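Below: one structure, written as structure tokens.
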Amino acid sequence: VLGTHPADHKAAQTSLQHFEARLKQHFSRVQHRSDTILMMQGEAFELDLLQKALRDLSAITRRLYGLMFPIEMTEWLFLHSTQAASLLELVAFAFAMLGSQSPLKSGDGFQQKAHVVGQHLLQVQNFFTVCSAWNAFLSSRTLFMSCAPATSRVKQLYARLDALEHGHHGHPKATAQAKPKPEELREAETPGGAGQHTAHAGFGQGRTTAAVKSRWRSAPARLWATLQLGLLTSGRRRTILQKVGLMLLLLHARTNLYWRFCQTLSGSLRALQSPKHSAMAKELVLGALLAVTGGFADQVLRYQAKLATLELWSGAMSHLQRKLLREHTLLRVSQEVSEPMQRLAEIQHLFEGLGSSACEALLAASQLVFLAPLLLRNLHSWSLLFVAHFLLLRLLQCCDAWGNQEKSSRAQGNKSLEDQFEALIDADIELPSWGFYRLLLTLGDFQQMPSWVLRWLSFQVDRLSGGSMDLADTFLLDRMMQTSFIAVQQLSKMLEKFGRLDAQSLRCLELVMAVETPGRRAATETTETVAVPAVPALTNGVLQFFEEELLDEDGLTLLAHGLRFDLSVKQPLLICGPSGYQQPMLQLLLGMNCSTMMPRQTLMLVSKEPYVPGHCRLYAQLAYPVHPHLPSHAPFTVQVPLLHENISEVELRQHFARLGASSCQVVEEGRKGLVHFSTFEDIIKAVARPQDRVIGGTELQCEIAGESSEAPQLHRMRQCLIATKIDHLLTREAEGWFARRSWPDVLTRDEQQRLGIARVLYQQPSFCVLEDPMSLELQLHQLLMRHGVTPVALASQPCLGEVYRRQLYVGLPEIADGWRLRP
């Protein structure tokens, strides 16, 4: 069964791992480059990428669930444990009946019947023992086979590491400082970068934890609040209600079918005591039908539970992603909780655990609810034994948890006393006492409980019934009590699982509280009418800035007092200062301390460390931070502006006909061509590689026609790549503009820097802030000026005097105000 997976299963599993890895990479990138994303105003771009990855992951997960349904159904029927209503137990009864050496006769007494039935059940148990060993072997084989993709992934990671060490395309990297120092790694791991203090983050995190526990005081309230994150829209609530209703119907059907199956097993024992083989065959056939039907109901129930969990997870992720990637939100949340994007990635495991635990708890509870009337009617007051068993298990679990907590606290207390050997011995002396509680907890497990408990209860029921029960009734009663004990055990363990899930939900709700905090603070500030400065407006080509006190990034040193300067179009400005001035100066220029940030059309940033999102298309890389939108529905039209006079309509139609064009026309007014396509894939092939759209030695300027103002202007993008001398990024790709690569690994550092300049040329802002001007060639500074973009450079010392005539100095101790502007 495990070797007959469908052909699409491996492909779907590989795709699922790929999309999960991509989503995690998105989370990690946004977490570690949150300050750069905020300064470049790329929150909307990152949100589109995350939402796209989330939709792809949800779709491939649904597909994988559909492919796995028949496999899990077959495994449930043949490979599951003895407690499942499976064909395995039925086959065991059939083989035990065929192997019976002492057939019963009509005149046999109770001892002969008991002997034959005992041999029958012994053979069934032996059959189960062999099948359990075979099942364990197959399961271990499956786990071993699952190590192959992981081994392949490790090989890929080592190959990637080797490529990074030797540089891109086989050339060593020019930068010797590529390997970060341990101090830099620790700073990078700190939320918000090196400027954030660990003590402050820890204080904010503790305050958020206390706020979560005060708002949701109990574990069920926190778990329910977590589930509500996926129920914020009416459509999702309607979908979840439908799935829950179907699950309850399937749960009722599954429980009834299972107990009817147990009755057929009891009937087969009763048929074994008669000389007629037809009765035994009838019971086996009926049991087979009930097993298949019950297995189908059980798997459909689990399948619906998985779909409901996936729907809840998608809703919660979409909601929190939109909340986190609002303007200014991510950096402020990073000050409240540690690693907000990592917490966002953990939500998937949280919802999967909630879904599986809730499904198992429902199955166990349905068994007890179904058996409660039978237990009360047959066991009378002895039915309280199940309640006592549940309380005993919970008591032992609490004692075990308390013992582990005491051991952990003592271990933490002795961390500073590692050199004192006697203290460690004293801490370990009391460990065997907690082992006694673990022993009792193990003995409380039904699988370790001796079978005489069931026999004793059976005799009690037989005594209460006056000895009127036969062997078949006793077997059915044993099965009923066995299932009840297991259900009690599962429910007691569910409480422990929900306790672990509560710790995960606490981390999720801390993120929710931190996301809500900025909005509440903004509302409080609005009611208190606290003045928030407005971002400077571009007036007659001039931006005027004023800062009463400019402090360094640590907030300890005053760099300038009463700082006042302006940015003028076509007048480049060089700003110089001591170490630690760049971050507050960037915040001033970008308007990060104002009510809104500086518009992209006015000012853009080229960061010191080039920011290149991974796994997006090439045209989206160039359009960053704007995410262009392609037409999603017909008509799909390619516009060819400025069509050369020597190119006729017939030649244009013949050129695009092999690409799937449905019609073509030439508009003489303005001399432009319109080529219509029937599918989105055809229009992508038509514009992907502009170097291939050549007629009579003339390259066509192909643009995607659409109503959206954010449609990509591919010809202007091409000109920007040519101007920055990185046109080979487009021409070397087989998919052209629509190539999707891991760009941080594909592009060299020089290509990434030039791509940042090409973005500025494409967006055409009035000003551009260069965070590291010395790393750029002089021609790139001059290129910005020729294209109407005025550069503003941040440096530690004067440089590039032929471009930057105006210079602003801050942090000058010899001047009273600490700043000077030349000329």
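Only strands (runs of 3 or more DSSP E) whose full extent lies in the stretch 555-611 are considered here, and the ones with at least 2 residues that are over 32 Å from the mean Cα position of the chain (by Cα) and not acidic (Asp, Glu) are 558-568, 573-576. Among residues that are surrounded by 17 or more Cβ atoms within 10 Å (Cβ to Cβ), touching a residue at least 40 places away in the same chain (Cβ under 8 Å) and part of a loop (DSSP other than H, G, I, E, B), PRO791 is not included. The set of residues from the stretch 273-286 being out of contact with any Lys or Arg (no Cβ under 9 Å at 6 or more places or on another chain) and either of a type outside the set (S, T, N, Q) or modelled with pLDDT of 85 or more (or both) comprises LYS276, HIS277, MET280, ALA281, LYS282, LEU284, VAL285. The numbered conditions (1) within 30 Å of the chain's Cα centre (by Cα); (2) modelled with pLDDT under 65 are all true for LEU104 except (1). Based on what the data block shows, is ALA305 modelled with pLDDT under 85 and not charged (D, E, K, R)? No. Return the residues of the stretch 312-336 that are surrounded by 24 or more Cβ atoms within 10 Å (Cβ to Cβ) and either among the β-branched types (Val, Ile, Thr) or touching a strand residue (DSSP E or B) at 6+ places or on another chain (Cβ under 7 Å) (or both); say none if nothing qualifies. Residue satisfying the conditions is VAL333 alone.
Being out of contact with any Gly (no Cβ under 9 Å at 6 or more places or on another chain), touching a residue at least 40 places away in the same chain (Cβ under 8 Å) and surrounded by 15 or more Cβ atoms within 10 Å (Cβ to Cβ) is a condition met by no residue of the stretch 656-674.
How many residues are closer than 30 Å to GLN544 by Cβ and either open to solvent by 40 Å² or more (accessible area, probe 1.4 Å) or hydrophobic (A, V, I, L, M, F, W, C) (or both) when one looks only at the stretch 624-648? Steps first, answer last, please.
First pass over the stretch 624-648, keeping only residues closer than 30 Å to GLN544 by Cβ: 624-626.
Still in the running and either open to solvent by 40 Å² or more (accessible area, probe 1.4 Å) or hydrophobic (A, V, I, L, M, F, W, C) (or both): 626.
Going through the stretch 624-648 one residue at a time, the tally reaches 1.
Just a yes or no: is a residue in the stretch 614-626 part of a strand (DSSP E or B), touching a residue at least 40 places away in the same chain (Cβ under 8 Å) and of a type in the set (Lys, Arg)? Write out each step before concluding.
Step one: of the stretch 614-626, the residues part of a strand (DSSP E or B) are 616-617.
The next check asks that each one be touching a residue at least 40 places away in the same chain (Cβ under 8 Å); those that pass are 616-617.
Still in the list and also of a type in the set (Lys, Arg): 617.
Yes.
One line per residue, one yes/no per condition, for (1) open to solvent by 70 Å² or more (accessible area, probe 1.4 Å); (2) without any contact (Cβ under 8 Å) to a residue 24 or more places away in the chain; (3) not small (Gly, Ala, Ser):
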| residue | (1), (2), (3) |
| --- | --- |
| SER214 | no, yes, no |
| TRP224 | yes, yes, yes |
| ARG238 | yes, yes, yes |
| LYS243 | no, no, yes |
| MET247 | no, no, yes |
| ARG254 | no, no, yes |
| GLN263 | yes, no, yes |
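Can you tell me which residue within the stretch 689-738, out of those that are part of a helix (DSSP H, G or I) and of a type in the set (Lys, Arg), is most open to solvent (accessible area, probe 1.4 Å)? Talk me through it step by step, then tell me what you get.
Initial filter on the stretch 689-738 (part of a helix (DSSP H, G or I)): 690-692, 714-723, 728-731, 736-738.
Going one step further and asking which of them are of a type in the set (Lys, Arg), we end up with 716, 718.
On the way: ARG716: 81, ARG718: 26 Å².
The qualifying residue most open to solvent (accessible area, probe 1.4 Å) is ARG716.
Quick one: is LEU331 assigned to a helix (DSSP H, G or I), over 25 Å from ALA219 (Cβ atoms) and at pLDDT 85 or above?
Details: assigned to a helix (DSSP H, G or I): yes; over 25 Å from ALA219 (Cβ atoms): yes; at pLDDT 85 or above: no.
It is false that LEU331 is assigned to a helix (DSSP H, G or I), over 25 Å from ALA219 (Cβ atoms) and at pLDDT 85 or above.
In the set (1) touching a strand residue (DSSP E or B) at 6+ places or on another chain (Cβ under 8 Å); (2) of a type in the set (Asp, Glu); (3) modelled with pLDDT under 90, the condition left unmet by ASP682 is number (3). The single condition among (1) over 17 Å from THR731 (Cα atoms); (2) under 41 Å from the mean Cα position of the chain (by Cα); (3) surrounded by fewer than 18 Cβ atoms within 10 Å (Cβ to Cβ) that ASP682 does not satisfy is (3).
So that you can scan it fast, the table gives a plain yes or no per residue for (1) of a type in the set (D, E, K, R); (2) open to solvent by 30 Å² or more (accessible area, probe 1.4 Å):
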| site | (1), (2) |
| --- | --- |
| ARG564 | yes, yes |
| LEU567 | no, no |
| ILE575 | no, no |
| TYR581 | no, no |
| THR596 | no, yes |
| GLY614 | no, no |
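Does any residue in the stretch 535-548 that is open to solvent by less than 50 Å² (accessible area, probe 1.4 Å) come within less than 8 Å, Cβ to Cβ, of a residue that is in a strand (DSSP E or B) and aromatic (Phe, Trp, Tyr) six or more places away or on a different chain, and which pairs are these? If the second residue must be in a strand (DSSP E or B) and aromatic (Phe, Trp, Tyr), the pairs left are PRO536/PHE545; LEU543/PHE767; PHE545/PHE565.
The values are calculated or read from the model by the stated rules, or taken from the named source; none is laboratory data. Because the structure is a prediction, the values reported are computed rather than measured. Quick reminder, even Gly has a Cβ in these numbers, built from the backbone with ideal geometry, and neighbours come from all protein chains shown. What goes into the accessible areas is simple: the full protein's heavy atoms, side chains included, and nothing from ligands, DNA or RNA. Shrake-Rupley method; radii C 1.70, N 1.55, O 1.52, S 1.80 Å.
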